[in-house]
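Below you'll find the structure, written out as structure tokens, and then a few comments.
The values are calculated or read from the model by the stated rules, or taken from the named source; none is laboratory data. Given the structure is predicted, the values throughout are model-derived calculations rather than measurements. Using ideal geometry, Cβ is built from the backbone for each residue, glycine included, and neighbour counts are taken over all protein chains shown.
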Amino acid sequence: MTNNPDTATNRIRQHIDSPSRQYTMSALARGGSSPEVGRTSRSLLRASDPARARKIAKAKRGVPRPRWIIEAMAKARTGMRHTKAAKAKMSAAHKARGTRPPWLNSAWSAREDRLLRTKPPAEVARLTGRTLAAVKGRRRKLGDTF
């Protein structure tokens with residue numbers, strides 16, 4: 001493998017190894033100052049300025065992200081699991097909106113509950129389109145026996 005000066009890695013190394021960069025890093029370590037240190041500290045202050053962050057966020061709002069960024073974010077998240085706190089927060093949001101997770105069947109209606117109390121389980125399953133196990137489980141939950 002040849003040492004090509006045009007590769008990105010070599011350009012980064014050249015920047016890090018430059019004398020002015022070394023002076024800046026050592027001056028920062030000592031707590032000293034130089035024009036480079038001044039620029040660095042000003043840029044750090046600018047980066048942490050809440051008003052500037054709000055302005056940038058406002059400019060980005062409503063602008064779709066490029067496809068390659070979306071793909072990179074999806075790749076980074078692949079295989080990760082939600083924490084218990086995140087799951088609890090999502091569950092609370094679903095309950096507040098009155099929505100149900102997509103893997104659950106629809107909620108039992110008052111009409112279906114009336115059928116449960118008046119008809120045998122097999123007939124309720126046929127009339128509601130639910131499984132016999134679901135009907136029996138709902139009856140158990142309601143405390144009804146037939």
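Taken over segment 135-146, the residue count meeting the criterion of being surrounded by 10 or more Cβ atoms within 10 Å (Cβ to Cβ) and either in a loop (DSSP other than H, G, I, E, B) or among the acidic types (Asp, Glu) (or both) is 2. Summed over segment 50-96, residues that are among the β-branched types (Val, Ile, Thr) and either part of a helix (DSSP H, G or I) or within 30 Å of ALA107 (Cα to Cα) (or both) total 4.
Checking the structure you have, find out if any residue of segment 122-133 is basic (Lys, Arg), more than 21 Å from the chain's Cα centre (by Cα) and either at pLDDT 90 or above or surrounded by 10 or more Cβ atoms within 10 Å (Cβ to Cβ) (or both). Yes, there is a match, as at least one residue in segment 122-133 is basic (Lys, Arg), more than 21 Å from the chain's Cα centre (by Cα) and either at pLDDT 90 or above or surrounded by 10 or more Cβ atoms within 10 Å (Cβ to Cβ) (or both). In the condition set (1) out of contact with any Leu (no Cβ under 8 Å at 6 or more places or on another chain); (2) at pLDDT 90 or above; (3) assigned to a helix (DSSP H, G or I), LEU116 is compliant with all but (1). Screening segment 119-134 for residues that are in contact (Cβ under 8 Å) with a residue 24 or more places away in the chain and assigned to a helix (DSSP H, G or I) and picking the one that is farthest from ASN105 (Cα to Cα) gives PRO121. Here TRP108 fits the description: part of a loop (DSSP other than H, G, I, E, B), in contact (Cβ under 8 Å) with a residue 24 or more places away in the chain and of a type outside the set (Asp, Glu).
One line per residue, one yes/no per condition, for (1) among the charged types (D, E, K, R); (2) touching a Lys or Arg at 6+ places or on another chain (Cβ under 6 Å); (3) farther than 25 Å from LYS141 by Cα:
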| site | (1), (2), (3) |
| --- | --- |
| ARG77 | yes, no, yes |
| ALA86 | no, no, yes |
| ALA92 | no, no, no |
| TRP103 | no, no, no |
| SER106 | no, no, no |
| ALA122 | no, no, no |
